[in-house]
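None of the figures in this text is laboratory data; all of them are computed from the coordinates on show. None of these values were measured; they are calculated from a predicted model. Note that each Cβ is placed from the backbone with ideal geometry, even for glycine, and that neighbours are counted across all protein chains shown.
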Amino acid sequence: MSDKLDITLEVNGRGYEARVEPRRSLADALREDCGLTGTHLGCEHGVCGACTVLVDGEPVRACLMFAVQAEGRAIRTVEGLADGDRLSPLQQAFHDHHGLQCGFCTPGFLMLATGILEATPDISDEALLEVLSSNICRCTGYQNIVKAVRAAREQMRG
Amino acid sequence: MSGLGARAKRLEDLPLLTGRGRFAADISFPDQLHMRIVRSSLAHGRIVGIDPSQALAAEGVVAVWTGADTADVPLIDFRQVEVESLKPYRQPVLARDHVRYVGEPVAAVFALDAGLAEDAADLVAPEFEPLAADVTALGTPGEFAPGIGNHPTVIEKAYGDLDGAFARAEHVISLDVAVGRHSGTPLECRGLVARYARDRGRLEVHGAAKIPHLNRERLAGMLGLELDRIHLFEGHVGGGFGVRGEIYPEDVLVCLAAMRLARPVKWIEDRFEHLIAANHSRDQSYRVRAAVDGDGRILGLDAEFWHDQGAYVRTHAATVPDLSCAMLPGPYVIPAYRARGHIRLTNKTPAGTYRAPGRFESTFARERLMDVIGARLGIDPIDIRRANLIGPHQMPYALGVETLGTEIVYDSADFPRLLDRFIDHFAHADILSANETRRRNGEFAGFGFGYFVEKSGLGPFGVASAAVRADGTVEIVTGAASVGQGIETAMAQIFAAEFPVDLSSISVIHGQTDRIAEGLGAFASRVTVMTGSAVHLCALKLKAAVLEIAGGLLQSAPERLVIDGTCVRPADAHSGPSASLADIASAAEQTGTPLSAHEKFLCDHMVYPYGIHGAQVAIDADTGEVRLERVYVAYDVGRAVNPTLVEGQIAGGVAQGVGGALYEEFRYDADGQPLAATFADYLIPTAREMAPIEMLVTEDAPSPLNPLGVKGAGECGINAMGAAIAAAVGDALQMPGAVTRLPITPRMVREILRAPR
């Protein structure tokens, strides 16, 4: 297992060099090799979605993708959402609508919803609910997450 | 506005929204080792031998421990509701001669990285001699160990003349019901990082949760450390729900390894482990029997239940069955009562508390019984409850039983009023008539509800310190803990209500044992009540001290001054002379009495919030699927510090209640193999399964037992959700007592539909 590969990951517009085993998941590489611990691991079998990141704009379970597969692709994580001290409209909406409690699932929901709102700004309520049911939150009962994402959708539409 | 009752936005959010949280797995120290636990694959067996040699020879492995290496470590002790007869059933940190559930730690591997530790753990090959597994609490009692039975005790609580009640009864109505095995399942798995400074003899434990101070004492005892040689540090905690933060075998192993191996040791649980190793809960089977008069009034209630404790008795000892016995009477006048809870050991993952422990289960039993009594006597569900509710003139109401070391006395309530408000606010009559129309059109639609009493604010004390710092900001140090519920915001609001400064200038510390000597943490919905009251007392004391000093600076009587944001000014003048809090703090510093307060709030009794859960469902007769359409919650919280946070607690609890009522269950096969060890099998509700929740949060019955009138909100979302959904399914099927077990699976619904009526 020690045949390591040298890779460069492009995360939030910045290059990170890492020497990883082929079996290293993208989530582990982000957390351990890039020091970006905002991406969380809730199940490591692709159900809970806490590790969701954007790869070339698409929401991806970072626990189910190998780091080597992500080389040469644009990765975005929760650390890249805010512009300095200015929260993204979605982050701000989560704050405004009490869309988080313990905050462990939050990065996954933020990346999932960012991906979907960027790709489909006029997504219907029904389709949005379907997408948001990809991830698990154990604290909020989802109501306020759904409210926050809808509010951000309205704001991003301008 | 930021004081009591304001919908202030949370102080906690910013790091959590930007990926700067510090959860257990985010903490690392140079040179750290990683621990991986080798777990039993067998539900019950004798350990023939464990050969660590292959694992020891593997790349990066520093040590492998088995039960023999930890034989000198005490069994993990109880922390509340201790019962002497349960002591033989405490769990060792590594199995010694027997394994008793799939997932039991049998060896620990320590290696240079997590992957190598996991690789090496696969090379540890324990040899077991299989023994028969016991997977039900309902069978004939057997043995836990040679000469030690698996039915250690019966918890019993009783008052009144039960025999007389049954002799006088016009109707005797009995019912068998059960709540399946499920648990809190926080989204962050457990994890801990410990490091030991050998030269100073000091152990630091990071990743603490729930009860850092209590665990510090327990760990110090187990590890043979003086109390001042160990400190626990809480970072961000990804949900608690009763499960996270108790002392488990892995916690002790991490600490012990940091000391013995003289390197930092990190352990992060994975989800498969969590589902078979962290505390399970619920799993109680009831037989309830009511003596009822001709008008539907209960004369006596006799309850007997079997509590499936799993393989060992963990830190909670008899807490859950004790609470079941104590809280089963709920909001009703029950003149004669007896509850007997049989604690049974089985070969499943050990059980502990989960949000509303003993209440989710006993409320289900009681409210199902109320529905059946009503149906049998031809009295509708509202009227049968109204006939039995304790009246407001009866408050405070001593129930006649004790739990958690305190007598149960309902401190304040107006149960009939909340029922009226529920009916009115949610247009109950319209809900019923809409369902009747739908049923006439061939649909299976129904509504049901359950009434519940919660408990909160477990004492005996809450403690806090507060100080105005030299820059004029305020720091509050509490002995409480955060599991995501928003305690920083709530404590800051309570403080600011008396000491009106901007919430953003208040920092709230929790879960750090080196910052405050004692604290009881976050459990039993206690923080707002107990810690909040201590914070309130700190605010009063600091306000008096600040105004006194400001009086000197401004040459004014202190009672004519007010605190206003960052300064103190005359109450009647918005302009003119004022003194900044920073200057006042410096002045205090110079006199040698810095601006600080330390307060302890004492209360021997708990406070009792109460509420009603309603559920609207529709059933797909072909598949048996129960579709939740709407949830209604009325809840009297005494006084809401922050209604948005209270509603957030309700919504989260509702979702977990829906999970326990319809989806979540730790099932086992006949050999004791767990059938729900991933999130593909243990089904947690997603946004799709949830329905809109309508809430009515009332403040009709503030508590007389604390200066704020507050009661807890942590467990109110879940309590009667199982009962409400079961009643709704019964209504949809027009068979009120049909549902007797949770979770209500599609298969169960199909069987009810096909059964001859």
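Counting only the Cα atoms, segment B:231-325 fills a convex hull of 161 Å³ per residue. In chain A, one over the average inverse separation of all distinct C-alpha pairs is 15.8 Å, which is the Kirkwood hydrodynamic radius. Give, to the nearest whole percent, the P(r) tail of segment A:5-80 beyond 15 angstrom, counting all Cα pairs. Summing the P(r) tail past 15 Å for segment A:5-80 gives 45 percent.
Calculate how steeply helix A:143-157 sits against the longest principal axis of the alpha-carbon atoms of chain A, using the helix alpha-carbon long axis, and give the answer as 0 to 90 degrees to the nearest 10. Its long axis makes an angle of about 90 degrees.
Taking the Cα centre of chain B as reference, the dipole from Cβ charges on Lys and Arg (+1) and Asp and Glu (-1) amounts to some 360 debye. Normalising the average separation of contacting C-alpha pairs (under 8 angstrom, six or more residues apart) by the number of residues puts the relative contact order of chain A at 23 percent.
Stretched out straight at 0.36 nm per residue, the stretch from residue B:87 to residue B:393 would grow longer than its current Cα-Cα span by 105.8 nm. Once the C-beta distance of residue A:17 and residue A:83 is scaled by a Förster radius of 30 Å, the resulting FRET efficiency is 0.75 to the nearest 0.05.
Taking every C-alpha pair closer than 8 Å and separated by at least 6 residues, the mean separation divided by the residue count of chain B gives a relative contact order of 16 percent.
Here's the picture: charge each Lys and Arg Cβ at +1 and each Asp and Glu Cβ at -1 in the protein assembly as shown, and of A:135, B:534, B:252 the one pushed furthest to the positive end of that dipole is B:534. Placing a label point 7 Å from the Cα of residue B:590 along the Cα-to-Cβ line, the residues of segment B:549-563 whose backbone N sits under 15 Å from it are B:549-555.
By the gyration tensor of its Cα atoms, with a ≥ b ≥ c the square roots of the eigenvalues, what is the shape of the protein assembly as shown: rounded for a/c under 1.5, prolate for a/b over b/c, or oblate? Since a/c stays below 1.5, the shape of the protein assembly as shown is classed as rounded. Got a sec? Charge dipole of segment B:575-679, +1 on Cβ for Lys and Arg, -1 for Asp and Glu; which of B:610, B:676, B:638 is way out at the positive end? Farthest along the dipole direction, towards plus: B:638. Taking amide H positions as modeled 1.01 Å from N, with prolines and chain starts lacking one, the residues under 5 Å from residue B:107 and 5 or more places away or on another chain are B:38. The slack in the chain from residue B:559 to residue B:51, taken as 0.36 nm per residue of separation less the alpha-carbon distance, amounts to 175.3 nm.
Which whole number in µm²/s is D for segment B:439-517 by Stokes-Einstein, with the Kirkwood Rh taken over Cα pairs at 20 °C and 1.002 mPa s? For the chosen part, D equals 135 µm²/s. Spacing of the modelled spin labels on residue B:404 and residue B:507, each 7 Å from Cα toward Cβ, amounts to 3.1 nm.
Let me know the shape class of segment B:572-614, please: from the alpha-carbon gyration tensor, a ≥ b ≥ c as square roots of the eigenvalues, rounded when a/c is under 1.5, otherwise prolate if a/b is greater than b/c, or oblate. Oblate, because a/c is 1.5 or more while a/b does not exceed b/c. Select from B:648, B:68, B:597 the residue farthest towards the positive end of the dipole of chain B; place +1 on Cβ of Lys and Arg, -1 on Cβ of Asp and Glu, and compute about the Cα centre. So the residue we want is B:648. What you get for segment A:5-80, charging only the Cβ of Lys and Arg (+1) and of Asp and Glu (-1), is a dipole of about 120 debye around the Cα centre.
May I ask you to list, by number, the DSSP H helices of chain B whose Cα span along the axis is at least 24 Å and whose average Kyte-Doolittle hydropathy reaches -1.0 or more? Those that pass (Cα extent of 24 Å or more, hydropathy at least -1.0) are B:359-377, B:532-554. Computed from the C-beta positions of residue B:754 and residue B:113 and an R0 of 56 Å, the FRET efficiency is 0.50 to the nearest 0.05.
Taking the Cα atoms of segment B:618-757, the ratio Rg/Rh between the radius of gyration and the Kirkwood radius comes to 1.06.
Across segment B:512-561, the convex hull enclosing all Cα atoms gives 89 Å³ per residue. In straight-distance terms, cross-link reach from residue A:147 covers every one of the lysines whose alpha-carbon lies under 23 Å from its own, apart from those fewer than eight places away in the same chain; here that gives B:9.
Dividing the convex hull volume of the alpha carbon atoms of segment B:398-494 by its residue count gives 216 Å³ per residue. Dimensions of chain B along the principal axes, based on C-alpha atoms and rounded to the nearest Å, stand at 85, 72, 48, largest first. Taking 1.306 mPa s as the viscosity and 10 °C as the temperature, the Stokes-Einstein diffusion coefficient of segment A:89-157 based on its alpha-carbon Kirkwood radius rounds to 137 µm²/s. Sum -39500 (n - 2.57) across every DSSP H segment of at least 4 residues in chain B, then divide by the residue count to get the 222 nm mean residue ellipticity, nearest 500. Computed mean residue ellipticity for chain B: -8000 deg cm²/dmol.
Using the empirical formula 2.2 N^0.38 Å as the baseline, the Cα radius of gyration of segment B:318-473 reaches a ratio of 1.37.
Going 7 Å from the Cα of residue B:131 along its beta-carbon direction, which residues of segment B:61-103 have the amide nitrogen within less than 15 Å of the resulting point? Backbone N within reach: B:88-92, B:95-102. In this Cβ point-charge picture (+1 for Lys and Arg, -1 for Asp and Glu), segment A:89-157 has a dipole of about 200 debye about its Cα centre. Remark: mean inter-chain Cβ contacts per residue of A:78-85 equal 3, using a 10 Å Cβ-Cβ cutoff to other protein chain atoms.
Taking label points 7 Å from Cα along the Cα-to-Cβ direction, residue A:96 and residue B:518 give a separation of 4.6 nm. Listed cross-link partners B:541/B:600; B:87/B:348; B:87/B:266; B:157/B:455 are compared with a 20 Å cut-off, the Cα-Cα value being larger for B:87/B:266. Taking 14 Å as the straight-line reach from the Cα of residue B:210, the aspartates and glutamates in range (excluding those fewer than 8 positions away in the same chain) are B:188, B:234, B:246, B:251, B:518. DSSP beta bridges fully contained in chain B are about 80 percent antiparallel.
The C-alpha atoms of chain A define a longest principal axis, and helix A:106-119 lies at about 80 degrees to it.
If R0 is 22 Å, the Cβ-Cβ spacing of residue B:432 and residue B:621 corresponds to a FRET efficiency of close to 0.60.
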